[in-house]
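The values are calculated or read from the model by the stated rules, or taken from the named source; none is laboratory data. Since this is a predicted model, take the numbers as computed values, not measurements. Cβ sites come from the backbone with ideal geometry, for glycine too, and all protein chains shown count toward neighbours. Heads up: the accessible areas ignore ligands, DNA and RNA and are worked out on the full protein's heavy atoms, side chains in. Shrake-Rupley method; radii C 1.70, N 1.55, O 1.52, S 1.80 Å.
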Amino acid sequence: MKIALAGNPNCGKSSIFNILTKSRQHIGNWPGVTVEKKEGILKHKNKEYSIIDLPGTYSLGAYSEDEIVARDYIIKDKPDVVINVIDAANLERNLYLTAQLLELGVNVVLALNMMDNAKSKGISINSDELSKRLGIPVVETVATKKDGIDKLIEKAINISGNSSKHFNINDKLMKKVDILKRELEVNSENLDYSSEWIALKLLENDSYIRGYIKEKGYDNIIKNTDELIDEYIESEGLDPEMAIVDDRYNYISNITKGILKKPKNSVKTVSDKIDAVVTNKFLGIPIFAIIMYILYDITFKIGGAVQEWVAELIGDAGGFIVEKLQGLGVPDFLTGFVGDGIFAGVGAVLSFLPLIMVMYFLMGLLEDSGYMARAAYIMDRIMRALGLHGKTFVSMIIGFGCNVPGIMSTRTLESKKDRMIAILINPFVSCGARLPIYLVFIDAFFQTHASLILVSLYALGIIIALLCGKLLSKTLFKGDTSYFVMELPSYRVPSIKNVLTLTWEKGGAFVKKAGVIIFPAVVVIWLLSVLPFGVEQYGENSILGMVGNFIAPIYALAGFATWQASVALFSGIIAKETVVATLGMLYVGVSEGAEITSAIAAHFTPLSAMSYMVMTLLFTPCLAALGAIKRETNSIKWTVFAAVGTFIVALIVSTIVYQVGLILGFK
């Protein structure tokens, strides 16, 4: 039995998914797209049920890939039941998706989630009467407390029969739906969707369905649709698309009449009181900066202590294995590969796993509490002043974890201008993969000001991104910026389980990346460092040394014109973590932790170290991010532009940092 979860963003759908599936989850992508797919197994009374967490969406339109993915799964894969999770405090708006699900004729169970939040706002809902009027089961739930979950499971599992389709539109429109339906039924065997639903979507001027019908070669149906739309506009003075939206909301209004009660005067909630401070136009940004400083300070204090222990453990393990291999008479060539390649390279990256996980845990707490949505809101004023859309900062926040999903999230921007700018500036946002690079240099030179340096780097990335966005909006992408509308979810106590699950997933992805991407890269770099045979390993006469010496002069003005630093920097195009692995190998094949720090301190100065961190912050993005840019822009030209443009910006800014530092007397 397949059970799908559908709902608006911030309705608590993912919390219910985590409760139902526990740790029995798999995360991948939907076929043919890069939208994240979550599926898991519910074990109930010795039976297993497949649970699919559909992308959060406000409707089943064609305005985003998320919406198309959600509706295609429901229509084509035909789940046995759809649990429609809705925010009880925003019943009318959430029921719009419910109305569209009922139009599809699927079995629906309604989860009135976050009932505790609704009651705190003085909102009451007669769920039994709502169930009768909708003709579907309705269950009150509070996912964070697991209230109502068992009842929800029983209702979903025991639902029987197929729900009848509810087309809640006026008679005049329904007649036009019937006309198109009859035309479509002639070719129904070639269609993936029901004729009636396609007819409705054509009248809604759904771009995806219109394209689908054109691909099938039914141009006559498109022509007849346009004529029917013109007829309706002429007789009613209203576009059918807007008339259908109005009819759905009229249906929702009639459904909720008498069963939804709200206080005459809105109740000032705890969220409202907190927002009065944290979203204040004067206090909002300083508070955001302080919160981020505290986050990185805690990351260093907790993660740093564990990191030292892990680095020592990896170093001891590497030394032990190399010693055993030497005792077995294994050639120096292979023992060097194990010690200098695997443990000094990949091990150097893995030693930073504790810091990465602490950072993701703290970011998860902020996200789950509802604060990160406020961060995007308070930045909107600055974004608009720079000619950028407010949602651009949402994609930048996502980019703090990884630039790939940050770039993918730009799909929510309707304007091509806004979307292109958001894609091209996202690589300037410092992702989690760059963190190990900063940590090595901070540990070597800036321990007393670690948090300040780290926050400054993240802030610099944001500033450069915004300035480049302003430049792009005035040159290559001129035009008006569309308005920014977003929902601010109520503050809530973060679910530790959800946050730990997120941290585990991100940590697992980091380890997987070390094995799948960084290890092969380290192997290649190590081989280049020992070839041709007979040269000094990690020497200037190796292939790697010759390549490094060729590109090193480019960075002379930036203060780090050594071949080792240059090679490490370029290895970051494979994956940013590879920079640390490469530095660990090239500087005398050192091991982990303190030895890398000592080697860095010997080959850099505080000023050149700062310049190098700025370079890695802004440098050409990794191959995964470049691949995401290619997919989202569908253009080699813009992908090359992003790769070259970020390199030029990085070189200019790091050179300015170094040269100005010299003028001011820094070493």
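Shape annotation for the chain: C-alpha extents along the principal axes are 84, 54, 54 Å, from largest to smallest.
The spacing between the stretch 238-275 and the stretch 352-380, judged by their C-alpha centroids, is 31 Å.
Do you know the relative contact order of the chain, to the nearest whole percent, from alpha carbon pairs under 8 angstrom that are 6+ apart? Averaging sequence separation for qualifying contacts and normalising by length gives 11 percent for the chain.
A helix-only calculation puts the chain at -18500 deg cm²/dmol for mean residue ellipticity at 222 nm, using -39500 (n - 2.57) for each DSSP H run of at least four residues, averaged over all residues.
The alpha carbons of the stretch 577-667 occupy a box of 45, 36, 14 Å along the principal axes, longest dimension given first. Once the chain from residue 116 to residue 183 is taken as fully extended at 0.36 nm per residue, the excess over their C-alpha distance is 19.2 nm. Applied to the stretch 100-113, the Karplus parametrisation 6.51 cos²θ - 1.76 cosθ + 1.60 on θ = phi - 60° returns per-residue 3J(HN,Hα) values of 6, 5, 5, 5, 7, x, 8, 6, 10, 10, 9, 9, 7, 8 Hz, with x for Gly and Pro. Here the stretch 519-541 is scanned for amide nitrogen atoms under 18 Å from the site 7 Å beyond the Cα of residue 333 along Cα-to-Cβ, giving 523-539. Listed peptides 660-667, 568-575 appear in the order 568-575, 660-667 once ranked by packing, highest mean of other Cβ atoms within 10 Å at the front.
On full extension, the segment bounded by residue 471 and residue 234 gains 80.8 nm, given 0.36 nm per residue less the C-alpha separation. Between residue 132 and residue 531, the contour length at 0.36 nm per residue exceeds the Cα-Cα span by 136.0 nm. For the peptides 215-227, 373-385, the ranking by mean Cβ contacts within 10 Å, running from highest to lowest, is 373-385, 215-227. Going by the alpha-carbon gyration tensor, a ≥ b ≥ c the square roots of its eigenvalues, is the stretch 450-580 rounded (a/c under 1.5) or, if a/c is not under 1.5, prolate (a/b greater than b/c) versus oblate? It is oblate, given that a/c is not under 1.5 and a/b is not larger than b/c. Calculate what fraction, in whole %, of the accessible area of the stretch 251-338 sits on carbon and sulfur atoms when a 1.4 Å probe is rolled over the protein chains. Accessible surface attributable to carbon and sulfur in the stretch 251-338 totals 64 percent.
In terms of the mean number of neighbouring beta-carbon atoms within 10 Å, the peptides 497-503, 422-428, 10-16 order highest first as 422-428, 10-16, 497-503. Helix 623-633 and the long axis of the chain differ in direction by around 30°, with both axes built from C-alpha atoms. Less than 16 Å from a label point 7 Å out along the Cα-to-Cβ axis of residue 415: which backbone N atoms in the stretch 374-388 qualify, by residue? Taking a point 7 Å out along Cα→Cβ of residue 415, the residues of the stretch 374-388 whose backbone N falls under 16 Å are 380-388.
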